[in-house]
1. So, of the residues in region 93-152 that are aliphatic (A, V, I, L, M) and touching a strand residue (DSSP E or B) at 6+ places or on another chain (Cβ under 7 Å), which turns out to be farthest from the ligand (Cβ to nearest atom)?
2. Here is a list: Phe16, Phe45, Phe38. Which entry is among the aromatic types (Phe, Trp, Tyr), buried (at least 18 other Cβ atoms within 10 Å of the Cβ) and in contact with a helix residue (DSSP H, G or I) (Cβ under 8 Å, 6 or more places away or on another chain)?
3. Counting only residues that are of a type in the set (Lys, Arg) and within 22 Å of Leu15 (Cα to Cα), which one in region 36-80 is nearest to the chain's Cα centre (by Cα)?
4. Look at Val108 and say whether it is exposed (fewer than 10 other Cβ atoms within 10 Å of the Cβ), within 20 Å of the chain's Cα centre (by Cα) and within 30 Å of His48 (Cβ to Cβ).
5. Which condition breaks for Val41 when tested against (1) away from the ligand (no atom under 16 Å from the Cβ); (2) closer than 15 Å to Pro112 by Cα?
6. Within region 83-102, can you find the residues that are part of a loop (DSSP other than H, G, I, E, B) and over 20 Å from His56 (Cβ atoms)?
Amino acid sequence: MSPTLTDMTPTADCLFCAIIAGDEPATWVLSTPAVVGFLDVRPVFKGHVLLMPRQHIDTLTELPDQLVHPLFADVRRTAAAVRDGLGAQGTFVALNNTVSQSVPHLHVHVVPRTRGDGLRGFFWPRTRYADAAEAEHYATRVRTELDCQRRG
Ligand code: DGP
């Protein structure tokens, strides 16, 4: 069952719950009833922010409806603040789910970007579809699953 907004019990052994509870240090940039943001201790570029729900939620697919707006509204305003406050040209916004997720408390990375900053390709090796039919096959699988979800 999805946790509710009032379920704020920190999860034992969760580093980010410990930071949110004030038991571990962090350099804070944002704190609201539902969402917190602090600097990533190992930034891709200086000013790299991590935003997350206060409530312990493992990954995006468990995020309850009532937290989608506060979290992503704060991601949006933090992306503007990181860009404008740090004199960057843009941002890279990313969210690892399970794979490559080193801290299992949902968090969104907001990284300042400027052309020529050297972040070329990042960690995303790219591939190509063999042809339009293969691309359509992948799109169909996703569309079918979206339809299933809509129908419940
Ligand atoms: P990910 O790999 O997507 O789960 O990102 C986790 C990020 O958390 C990673 O970029 C480094 C950061 N991080 C790890 N430990 C700490 C910590 O103790 N404090 C802070 N502020 N960030 C941390």
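1. Applying the first criterion (aliphatic (A, V, I, L, M)) to region 93-152 yields 93-95, 99, 103, 106, 108, 110-111, 119, 130, 132-133, 135, 139, 142, 146.
Still in the running and touching a strand residue (DSSP E or B) at 6+ places or on another chain (Cβ under 7 Å): 93-95, 106, 108, 110-111, 119.
Numbers: Val93: 12, Ala94: 7, Leu95: 7, Leu106: 9, Val108: 9, Val110: 12, Val111: 10, Leu119: 14 Å.
For region 93-152, the residue satisfying everything is Leu119.
2. Numbers: Phe16 fails: in contact with a helix residue (DSSP H, G or I) (Cβ under 8 Å, 6 or more places away or on another chain); Phe45 fails: in contact with a helix residue (DSSP H, G or I) (Cβ under 8 Å, 6 or more places away or on another chain).
On inspection, the qualifying residue turns out to be Phe38.
3. Keep residues of region 36-80 that are of a type in the set (Lys, Arg), which gives 42, 46, 54, 76-77.
Remaining after also requiring within 22 Å of Leu15 (Cα to Cα): 42, 46, 54.
Working: Arg42: 16, Lys46: 17, Arg54: 13 Å.
This residue is Arg54.
4. Working: exposed (fewer than 10 other Cβ atoms within 10 Å of the Cβ): no; within 20 Å of the chain's Cα centre (by Cα): yes; within 30 Å of His48 (Cβ to Cβ): yes.
So Val108 does not fit the description; no.
5. (1)
6. Taking region 83-102 and keeping what is part of a loop (DSSP other than H, G, I, E, B), we get 86-89, 95-102.
Within region 83-102, Leu86, Gly87, Ala88, Gln89 qualify.
Conditions tested, residue by residue: (1) modelled with pLDDT of 95 or more; (2) in contact with a Cys (Cβ under 9 Å, 6 or more places away or on another chain).
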| residue | (1), (2) |
| --- | --- |
| Asp13 | no, no |
| His56 | yes, yes |
| Glu62 | yes, no |
| His69 | yes, no |
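Table: residues versus (1) under 20 Å from Cys17 (Cα atoms); (2) part of a loop (DSSP other than H, G, I, E, B).
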site: Arg76; (1), (2): no, no
site: Ala81; (1), (2): no, no
site: Pro104; (1), (2): yes, yes
site: Val111; (1), (2): no, no
site: Asp117; (1), (2): no, yes
site: Arg150; (1), (2): no, no
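The values are calculated or read from the model by the stated rules, or taken from the named source; none is laboratory data. These numbers come from a predicted model, not from an experiment. Positions of Cβ are generated from backbone atoms using ideal geometry, with glycine treated the same way; all protein chains shown enter the neighbour counts.
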